[in-house]
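The values are calculated or read from the model by the stated rules, or taken from the named source; none is laboratory data. What you see is a predicted model, and the numbers here were worked out from it, not measured in a lab. Here the Cβ positions follow ideal geometry from the backbone for every residue, glycine too, while neighbour counts run over all protein chains shown. Ligands, DNA and RNA are excluded from the accessible area calculation, which covers all protein heavy atoms including side chains. Shrake-Rupley method; radii C 1.70, N 1.55, O 1.52, S 1.80 Å.
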Amino acid sequence: MRDLIIPGNRIKTELKFLLYCYIAANIANIYAIIRYNTEWIELITWQRFVIFIAFIFYAITIVLRILIWSIKKLTGASGKAQPGN
Amino acid sequence: MLEQNRRAFLRNSLLAGTAVLTPFSLMKLLAGEKGKIISPNDKIHVGIIGTGSRGHHLAYLIKEYGHEIGMEVTALCDVYQPHLDHTHAMIPEAKTYKDHRKMLEDARELDGVIICTPLFVHAEPTIDALETGLHVLCEKAMERTLEATYAMAEAHYRTGKALHIGHQRLFDPKFLRGMNKVYEGDLGKVTQIRAFWHRNNDWRRPVPEDQPELERFINWRLYRDYSCGLLTELASHHIQVANWVKKDIPVDVRGTGSISFWKDGREVEDNVALIFTYKDGTQFIYDSMIQNRRHGLEVQVLGHKGTLELETNNFFLEDPPPQKPAGIIQLLHDLEENVLGKVPIGSSSWDPEVAMTYKGEPIVPENLTDGTWEQFTGFAKAIREDKPIPGLFEEGYYGSIWTLLGQQAIDSGKVIQIPKKYNISKFLM
Ligand SMILES: NC(=O)c1ccc[n+]([C@@H]2O[C@H](COP(=O)([O-])OP(=O)(O)OC[C@H]3O[C@@H](n4cnc5c(N)ncnc54)[C@H](O)[C@@H]3O)[C@@H](O)[C@H]2O)c1
């Protein structure tokens with residue numbers, strides 16, 4: 001079986017996405033605490049749930065990115081310049 | 001701050017709370033003459049008879065906090081010199097005596113007496129002090145026998161002097177508030193009370209190696225002639241509380257007990273269980289042991305609307321108010337409804353299963369005291385007004401009598417009722 005090689009750049013990008021998702025989940029939690037007037041301690045006590053939400057966000061970004069990539073592939077659009085141009 | 005809260009609480013509710021503890025009809029004072037009424041500015045002088053473990057502790061409390069209620073210890077009495085010396089070293093200005101009668105001869109210098117002798121030495125100094133015209137705070141339980149307990153009651157009613165029994169839960173803010181909850185119906189109909197007191201030690205006090213003959217004198221609570229062990233030393237407190245909850249005394253008691261672990265020559269059980277029944281069918285189930293301390297001590301008052309756990313300051317409703325879910329859960333809920341409409345995903349809701357644990361609520365906001373000090377507030381009030389606090393003595397009396405009846409139930413294996421002659425309602429008419 002061939003070894004799967006994930007380039008360093010890709011790992012960095014994915015970690016960045018994960019971080020953004022975690023921040024977004026916390027922002028959602030803060031928003032919910034203010035909106036529903038609940039306890040600020042939930043910022044800590046609901047961390048496990050916030051991490052869970054962060055992974056859901058991350059999964060959504062994967063789906064979205066695959067979709068965008070597929071659409072681009074299908075329409076022939078490419079980020080790179082065509083040879084000869 | 002805490003100290004201030006405690007004092008304010010006591011001022012506002014403790015003695016008001018004594019209205020709560022009048023489960024029996026108001027006591028008619030039999031006293032003929034009123035005696036001296038001390039003005040609130042005068043110092044109250046008390047003597048302590050029995051300066052062992054409890055006597056020393058109470059002497060310490062009065063020395064430290066007595067200024068709050070204008071009380072000071074001016075006389076100490078004990079037959080055992082090392083104990084007398086130990087407490088005298090703490091309060092050197094107090095006069096010392098080896099015979100309580102000698103102390104009572106100097107009674108004009110005293111306003112009250114606190115009795116912390118072993119159980120079987122409660123009646124004699126108590127009756128002597130009452131007959132000398134002094135108010136008495138005697139440690140629980142009242143005495144070793146029904147006759148001696150009754151004799152103390154008779155002396156109290158005859159002299160009209162206060163006789164407080166050291167069931168300090170009567171002055172414990174969480175118990176006072178708890179009783180209010182019971183009487184105001186917050187618990188609904190109370191049909192069961194459960195209490196237990198568990199420890200894990202042999203309950204022995206060290207005896208000087210060169211004086212083995214002091215064994216029974218020092219470890220009096222382990223021998224039947226002097227004590228009923230776990231019942232008179234511990235259960236008495238909770239039996240008083242159960243009567244207080246029910247505003248009544250039991251119809252009967254049944255029980256069992258054994259020396260099942262500490263087989264070291266002691267004569268009192270190390271493992272007991274009792275069931276008291278009240279006339280409305282309520283059961284008070286009690287057990288005590290000294291070979292496992294996992295559950296410590298507790299009194300649970302169980303009603304159809306709520307539960308009190310008095311020792312640990314907890315109140316639980318049977319139908320707790322709905323708990324507000326965490327903000328993030330509410331947000332998900334709204335998103336589910338607004339974005340997805342009513343279309344369920346997988347199941348009717350995709351909220352994660354989050355346990356809604358109801359932890360109850362405290363009976364009093366701060367559990368600062370067990371009532372031991374506060375009982376002196378009541379004692380000082382009785383001394384200053386030269387009259388007993390209505391209803392207080394009866395709590396101690398029936399708490400003590402039913403403790404002894406519990407022992408009878410264990411010894412005889414029979415269901416025991418209170419003999420008519422120990423009913424003191426005749427003194428209250
Ligand atoms: N309310 C409570 O929570 C509580 C707690 C502990 C003890 N107690 C009660 O306090 C009482 C004393 O218990 P303790 O643990 O201090 O016992 P202890 O044995 O440590 O002290 C009793 C003292 O009384 C002295 N004494 C005996 N006969 C006497 C007499 N004729 N005249 C004067 N002194 C005499 C003994 O020498 C001893 O110093 C008991 O009734 C006990 O149930 C109540």
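Quick notes on this structure:
- What a 1.4 Å probe finds exposed on the protein assembly as shown is 57% carbon and sulfur by accessible area, rounded to a whole percent.
- Each helix, a run of at least 4 DSSP H residues, gives -39500 (n - 2.57); summed and divided by the residues of the protein assembly as shown, these come to -12000 deg cm²/dmol at 222 nm.
- When you work out D = kT/(6 pi eta Rh) for the stretch B:81-163 at 20 °C and 1.002 mPa s, using the Kirkwood radius from C-alpha pairs as Rh and the Stokes-Einstein form, the result is 161 µm²/s.
- Cα gyration tensor shape of the stretch A:8-74, rounded if a/c is under 1.5, else prolate or oblate by comparing a/b with b/c: prolate
- Nearest 10 degrees, 0 to 90: helix B:374-385 Cα axis against chain B principal axis: 50 degrees
- Protein heavy-atom accessible area occluded, A/B pair - total, 1.4 Å probe, Å²: 1000 Å²
- Most simply put, chain B has about 55% antiparallel DSSP beta bridges, counting only bridges with both residues inside it.
- When the Cα convex hull of chain B is projected onto planes of every orientation, the mean area is 26.2 nm².
- B:Tyr60-B:Ser258 FRET efficiency (beta carbon distance; Förster radius 41 Å; 0.05 resolution): 0.65
- A DSSP coil position with no more than 15 other Cβ atoms inside 10 Å describes the following chymotrypsin sites (Phe, Trp or Tyr not before Pro) in the stretch A:1-43: A:Trp40.
- Rounded D (µm²/s) - the stretch B:59-111, Kirkwood Rh over Cα pairs, Stokes-Einstein at 10 °C, 1.306 mPa s: 137 µm²/s
- Given charges at Cβ of Lys, Arg, Asp, Glu: chain B dipole, positive-most of B:Val241, B:Met71, B:Pro365: B:Val241
- With one equal scatterer per alpha carbon and no solvent term, the Debye-computed log10 I(q)/I(0) for the protein assembly as shown at 0.07, 0.10 1/Å reads -0.54, -0.84.
- Sites B:Asn367 and A:Ser70, calculated FRET efficiency, Cβ-Cβ separation with R0 51 Å, nearest 0.05: 0.20
- For chain B: relative contact order, % (alpha-carbon pairs under 8 angstrom, 6 or more apart): 22 percent
- Nearest-ten-degree value, helix A:47-75 long axis tilted from longest Cα axis of chain A: 20 degrees
- The longest stretch of chain B left intact once loop-based GluC sites (Glu not before Pro) with at most 16 other Cβ atoms within 10 Å are removed from consideration, loops following DSSP, is B:94-183.
- FRET efficiency for B:Gln323 and B:Lys102, using Cβ-Cβ distance with R0 set to 56 Å, rounded to 0.05: 0.30
- Relative to the longest principal axis of the Cα atoms of chain B, the long axis of helix B:173-183 lies at roughly 60 degrees.
- Unsatisfied cross-links (Cα-Cα over 24 Å) in the set B:Lys189/B:Lys359; B:Lys279/B:Lys426; B:Lys43/B:Lys102; B:Lys43/B:Lys247; B:Lys189/B:Lys247: B:Lys43/B:Lys247
- Within 10 Å of the Cβ of each residue in A:46-53, the mean number of Cβ atoms contributed by other protein chains is 2.
- Neighbouring partner chain Cβ atoms per residue of A:31-44, average, 10 Å criterion: 4
- Under 5 Å from the amide H of B:Gly166 lie the amide H atoms of B:Cys138, B:Glu139, B:Lys140, each residue being 5 or more positions distant or on a separate chain, with H modelled from the backbone and absent for Pro and chain starts.
- Phi-based couplings in Hz for the stretch B:158-163 (Karplus 6.51, -1.76, 1.60; Gly and Pro marked x): 5, 8, x, 8, 5, 10
- Amide H contacts of B:Thr312 (H built 1.01 Å from N, under 5 Å, at least 5 apart or other chain): B:Val299
- In the stretch A:8-74, taking the dipole from charged Cβ atoms about the Cα centre, the farthest positive-side position among A:Trp40, A:Ile71, A:Ile51 is held by A:Ile71.
- Calculated from backbone phi, Karplus (6.51, -1.76, 1.60) coupling profile of the stretch A:14-21 in Hz, x at Gly/Pro: 5, 4, 4, 4, 4, 4, 4, 5
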